[in-house]
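The values are calculated or read from the model by the stated rules, or taken from the named source; none is laboratory data. Only a predicted model underlies this, so the values are computations on that prediction, with no experimental measurement involved. Don't worry about glycine lacking a Cβ; one is built from the backbone with ideal geometry, like all the others, and counts go over all protein chains shown.
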Amino acid sequence: MGEMDDLVTEFLVESHENLDRLDTDLLALESHPNARELLAGIFRSIHTIKGTCGFLGFGRLESLTHVGENLLSLLRDGKVGVDSETTSALLSLVDATRRMLGSIEKQGSEGPDEFTELKETLTRLQGEFAKPVKRPLCAASPASATAAAATGAAATGAAATSSATPTPAAASAPAQAAADAAVRAPAPSAPEAVRTPDPAAATAPASSSAVPAAAAVEHSVADSSIRVDVG
């Protein structure tokens, strides 16, 4: 924490020195509106303050000096001209920056004023080259952060419940599919009658085979009788 305090203190000292230089340079710019080196020096002073604000987290002061830096960049490059209104707006920028630095030195913050009207004037003076005003980043309050977390948790729980509970249509889908399959399935055919073999047909081959066997026996006996008589 002590190191950060040292950085802030150094930032305040250097910024006040830059602002004192800006007062002198802007007065000289009224007499020499086309002095490019003078405009470049003014630009560097504002650019230095803006860059350090971003590092230290002074968002309001960074936003204000950022708009002034955009205008000074156009003036330096000759894209827009310097007139009394432009010089007056830049002097107001220096005064507003000095007020914010004083608040940082006393309270540790830039204060509540965002100098919206001054930023709108500095943006308008940029003409067709104007860029959207950069708003300072504000941290969300603990209450809003808790509410956002609760909302997110409720949404997640609702999604989980919805995905886990089947709908009536989804639950009846398997039963409907089974019924459709039963309708499309072909009717079972009647079983074929079992044929019983005919007893007569089964014994017929045995009878027909017995006849040749008996004839063979008789023929053999006859042949034997003949051979005995001849001997």
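Annotations
- For ASP77, the requirement of being under 20 Å from GLY127 (Cα atoms) and of a type in the set (Asp, Glu) is met.
- Filter result for VAL8 (touching a residue at least 12 places away in the same chain (Cβ under 8 Å), β-branched (Val, Ile, Thr) and closer than 16 Å to ALA89 by Cβ): no
- Looking across region 106-120 at every residue that is modelled with pLDDT of 95 or more and buried (at least 18 other Cβ atoms within 10 Å of the Cβ), the one that is farthest from the chain's Cα centre (by Cα) is identified as LEU118.
- Among the criteria (1) modelled with pLDDT of 95 or more; (2) surrounded by fewer than 16 Cβ atoms within 10 Å (Cβ to Cβ); (3) among the aromatic types (Phe, Trp, Tyr), the one PHE129 does not fulfil is (1).
- Count of residues meeting criterion [farther than 15 Å from LEU27 by Cβ and either of a type in the set (Gly, Ala, Ser) or crowded, with 18+ Cβ neighbours inside 10 Å (or both)] in region 81-95: 1
- Out of LEU71, LEU12, sole residue that is in contact with a helix residue (DSSP H, G or I) (Cβ under 8 Å, 6 or more places away or on another chain) and closer than 27 Å to GLU128 by Cβ: LEU71
- Criterion: farther than 14 Å from ALA89 by Cα, among the acidic types (Asp, Glu) and out of contact with any Phe, Trp or Tyr (no Cβ under 8 Å at 6 or more places or on another chain) - qualifying residue of GLU37, GLU30: GLU37
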